[in-house]
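Colleague: Dropping the structure in here first, questions after.
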Amino acid sequence: MAKNILVVSGSPKKDGNTAWLIKWFAQGARSVGSSVKIIRAAGLKHKVVGCTSCRLCQKKQAFRCVIKDEVSDCVASFLDADVIVMASPLYFYGASSQLKAVVDRMFSLYKWNNEANTMQTPLKGKTFVFLGSGYEDVGFDAFEKPFALTAEYTGMSYASLVVRNAGVSGQISRRQGGFSKKAFELGKKIA
Ligand SMILES: Cc1cc2nc3c(=O)[nH]c(=O)nc-3n(C[C@H](O)[C@H](O)[C@H](O)COP(=O)(O)O)c2cc1C
């Protein structure tokens, strides 16, 4: 069955390595009839950067961040997706801050009851995909771990494509390693 796929790109570059990985992944997913929407985190208007830890989302029934800005809209739209894809360049051994500012607002998509030690989330059962790249070959375990752990904690199935030695922005398209095929096939498989 065709899937509804939402991609959040954490790269500030419109034609960089992350954009290439997303393009190939989306081509694969669309080749089998799935729909793919791409949101650039760097283009979202923020009222505040990141999560303010106000905890108001925990007092409301809706799984929705109370801050009224485009990041809240982006995060709320995760609920309509079958597959959530996060894509990022490696910045100092982690994801870009543009993407992290979106990820932290995902707090609103969980309801915790600390007394009962329970957690509820409508993300459970969805698929989570991480697409990453970096210039060198160092720190990739730290880069990917938060995404793999988030999927595990949330009860989402997880897949990833992480490209080491991808070069500077845009060079991935000229690198050996069959990355276009790998990303295309991942998109096709996930869809
Ligand atoms: C602020 C900044 C920090 C970076 N830090 C690292 C790093 O720690 N390790 C690494 O291998 N590459 C690092 N890079 C290189 C990028 O991760 C790499 O070129 C990536 O593929 C670029 O993706 P993009 O074109 O989508 O932005 C950094 C680049 C920038 C701009």
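The values are calculated or read from the model by the stated rules, or taken from the named source; none is laboratory data. From a predicted model like this one, the values you see are computed outputs, not experimental measurements. Reconstructed Cβ throughout: ideal geometry from the backbone, glycine too, with neighbour counts over all protein chains shown. Remember, those area values only see protein heavy atoms, side chains included, never the ligands or the DNA or RNA. Shrake-Rupley method; radii C 1.70, N 1.55, O 1.52, S 1.80 Å.
Colleague: Rounded to the nearest 10 degrees, what's the angle between the helix 140-154 long axis and the longest principal axis of the chain, both from Cα atoms, 0 to 90?
Modeller: 40
Colleague: Follow-up. In segment 105-182, which GluC sites (Glu not before Pro) fall in coil by DSSP and have 14 or fewer other Cβ atoms within 10 Å?
Modeller: Filter output for segment 105-182: E115, E136.
Colleague: Hey, another quick one. List the residues, sorted by chain then number, that are 5 or more residues from S34 or on another chain and whose placed amide H is less than 5 Å from its amide H.
Modeller: Here the answer is K3, since their amide H atoms fall under 5 Å of that of S34.
Colleague: Listed highest first by mean packing, meaning other Cβ atoms within 10 Å per residue, what order do 169-176, 99-106 come in?
Modeller: 99-106, 169-176
Colleague: How big is the antiparallel share of DSSP beta bridges in the chain, given as a percent to the nearest 5?
Modeller: If we restrict to bridges inside the chain, about 15 percent are antiparallel.
Colleague: Along the charge dipole of the chain, Cβ charges K/R +1 and D/E -1, which of T127, A159, A42 sits furthest on the positive end?
Modeller: A42
Colleague: Can I ask one more? I'd like the carbon and sulfur percentage of the solvent accessible area for segment 115-162, probe radius 1.4 Å, heavy atoms only, ligands and nucleic acids excluded.
Modeller: So the carbon and sulfur contribution to the accessible surface is 49 percent.
Colleague: What does the helix-only formula give at 222 nm for the chain: each DSSP H stretch with n ≥ 4 adding -39500 (n - 2.57), the total divided by the residues, and the result rounded to the nearest 500 deg cm²/dmol?
Modeller: -9000 deg cm²/dmol
Colleague: With just the Cα atoms defining each centre, how far is segment 1-56 from segment 106-154? Give it in Å.
Modeller: 16
Colleague: Please give the charge dipole size of the chain, origin at the Cα centre, charges +1 on K and R Cβ atoms and -1 on D and E Cβ atoms. Round to the nearest 20 debye.
Modeller: In total the dipole reaches around 460 debye.
Colleague: Solvent-accessible area per residue for the chain at a 1.4 Å probe radius, Å²?
Modeller: With the other protein chains kept in place, the chain gives 52 Å² per residue.
Colleague: Taking a threshold of 27 Å on the Cα-Cα distance, which of the pairs K111/K188; K37/K145; K23/K60; K126/K188; K13/K182 fall above it?
Modeller: Correct reply: K111/K188; K23/K60.
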